[in-house]
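**Student:** Have a look at this one before I ask anything.
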Amino acid sequence: MTRMRIALVAAAAAASLALAGCAGGGGTATEEATEEPAPTFEAGTTMAELSEAGTITVGTKFDQPLFGLVGPSGVPEGFDVEIAKIIASELGISEDNIEWTETVSANREPFIENGQVDIVVATYTINDKRKEVVSFAGPYYMAGQSILVLADNDDIESEEDLVGQPVCSVTGSTPAAKLAEIGAQPVLTDTYTNCLEPLRSGQVVAVSTDNVILAGLAAQNEGEFKVVGEPFTEEPYGIGLAKDDTEFRMWINDVLEAAYEDGRYEEAWDATAGTVLPFVEPPAVDRY
């Protein structure tokens, strides 16, 4: 959508009050609308196609407090959502023209491969297996796998205490794979919010995923749960896009780096996840 800036041009005329019979001069203000040039991109690139279309389809989580959560407005809110808005704005696309599509851990790659979304910004860990079928810009945040337990549970303090225990996570996620690797018994579902009732009922002893996701769940259910232990993995969050679309990937990396420098990244953090979690400097993007 074309962005407008309004320039106020003030003109004033003054006459000497000492002259008899003359009225005092007055000033007038006129609004002069000038169009900001639309961004231009090389023909045939994904950037040019999206910019010309004036819309972008973004896959994100709808159940992740602080990162991507659909609230009363019906529109997702959170840090991932704000990152997507920054990318869209650099294409000349307003947030009103972003089409949000819910992506859960298991369908992120298929949605990208099938063209159902243009990008995925959804607490999406970059790893080599996923890079075989999709590309990643970023990372834009470094999370780490941790553990959520009932607030009165003092028996679980680290990943070592999960060995042989039923622990809830999400199908197709890197945390689920890590649980199996360390010898826990993964109990899998489609979203992390669906792990909370099994935790309440004792069907599982813990929920395990990235620390930022768990912090959001704990904040949303104050007094019920707590995050324990230190993160035991590194989870670089990236922006998923079509495999081998190198120009688009590099362009998104440029946008991320610009947002780091001009303060938009930190503003997005402070307005969302930063209400619960401390700010940390973003990791360097990987221009593989």
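No value in this document is a laboratory result; all are computed from the given coordinates. Everything quoted here is computed from the prediction, not taken from an experiment. With ideal geometry, Cβ positions are generated from the backbone for all residues, glycine too; neighbour counts draw on all protein chains shown.
**Student:** Treating only the Cβ of Lys, Arg, Asp and Glu as charged (+1, +1, -1, -1), what charge dipole size does the chain show about its Cα centre? Round to the nearest 20 debye.
**Tutor:** Numbers: 15 positive and 49 negative charges, 80 e Å.
Charge dipole of the chain: 380 debye, to the nearest 20.
**Student:** Could you list, in their original order, any pairs among K61/K85; K129/K243; K85/K226; K85/K129; K85/K131 whose Cα atoms are separated by more than 22 Å? It would help to have the intermediate numbers written out before the result.
**Tutor:** On the way: K61/K85 15 Å; K129/K243 12 Å; K85/K226 31 Å; K85/K129 27 Å; K85/K131 24 Å.
Violating the 22 Å limit, Cα to Cα: K85/K226; K85/K129; K85/K131.
**Student:** I would also like to ask the following. Filter the trypsin sites (Lys or Arg not before Pro) in region 107-141 to those in DSSP coil with at most 12 other Cβ atoms within 10 Å of their Cβ, and list the result.
**Tutor:** Numbers: sites: R108, K129, R130, K131; in loops: K129.
Those satisfying the criteria are K129.
**Student:** Take K129 and N97, extend 7 Å from each Cα along the Cα→Cβ direction, and tell me the distance between the two endpoints in nm.
**Tutor:** Going from the K129 label point to the N97 one covers 3.9 nm.
**Student:** Whole number please: convex hull volume per residue, Cα atoms of region 145-228, in Å³.
**Tutor:** 74
**Student:** Further question on the same structure: Quick check: Cα centre of region 211-238 to Cα centre of region 64-108, how many Å?
**Tutor:** One Cα centre to the other: 20 Å.
**Student:** What 222 nm value per residue comes from the helices of the chain, counting each DSSP H run with n ≥ 4 as -39,500 (n - 2.57) and dividing by all residues, nearest 500 deg cm²/dmol? Provide the component values of the computation, followed by the final result.
**Tutor:** Working: 8 runs with 76 residues, N = 288.
One gets -7500 deg cm²/dmol as the mean residue ellipticity at 222 nm.
**Student:** As an exercise, find the ratio Rg/Rh for the chain from alpha-carbon atoms, using the Kirkwood inverse-distance average for Rh. Don't skip to the answer; put the middle values down first.
**Tutor:** Details: Rg = 24.4 Å, Rh = 21.1 Å.
Reported Rg/Rh (Cα atoms, Kirkwood Rh): 1.15.
**Student:** Pull up all non-local amide H partners of T233: gap of 5 or more, or a different chain, and H-to-H distance under 5 Å with H placed in the peptide plane.
**Tutor:** Counting only residues 5 or more places away or on other chains, the set is Q145.
**Student:** Using DSSP loop states and a limit of at most 15 other Cβ atoms within 10 Å to flag GluC sites (Glu not before Pro), what is the longest stretch of the chain containing no flagged site?
**Tutor:** 43-156
**Student:** Something else now. Hey, what do the phi angles of region 233-239 turn into as Karplus ³J(HN,Hα) couplings, whole Hz, using 6.51/-1.76/1.60 and θ = phi - 60°, x for Gly and Pro?
**Tutor:** Computed from phi, the couplings for region 233-239 are 9, 10, 10, x, 7, x, 9 Hz.
**Student:** Could you put V167, V227, V255, V149 in order, starting from the residue whose Cβ has the fewest other Cβ atoms within 10 Å?
**Tutor:** Details: V167 31, V227 18, V255 22, V149 26.
Ordered from fewest to most neighbouring Cβ atoms within 10 Å, V167, V227, V255, V149 come out as V227, V255, V149, V167.
**Student:** Oh, and also: Using +1 at the Cβ of each Lys and Arg and -1 at the Cβ of each Asp and Glu in the chain, identify which of N114, A38, L214 lies farthest towards the dipole's positive end.
**Tutor:** A38
**Student:** How high is the relative contact order of region 145-228? Use alpha-carbon pairs under 8 Å, at least six apart in sequence, and give a whole percent.
**Tutor:** Numbers: 149 pairs, mean separation 36.5, N = 84.
Taking the mean separation of contacting Cα pairs over the length of region 145-228, I get 43 percent.
**Student:** With each pseudo-label sitting 7 Å past Cα toward Cβ, what's the S158-D270 distance in nm, one decimal?
**Tutor:** The answer from the label model is 3.7 nm.
**Student:** How much FRET efficiency would the formula 1/(1 + (r/R0)^6) give for A106 and V75, where r is the Cβ-Cβ distance and R0 is 25 Å, rounded to 0.05? If you can, show how the numbers build up before the last one.
**Tutor:** Details: r = 23 Å, r/R0 = 0.93.
Calculated value: 0.60.
**Student:** Using unit Cβ charges (K, R positive; D, E negative) and no other charged atoms, how large, in debye to the nearest 20, is the dipole of region 46-114 about its Cα centre? Walk me through the numbers on the way to the answer.
**Tutor:** Numbers: 3 positive and 13 negative charges, 30 e Å.
Magnitude of the dipole: close to 140 debye.
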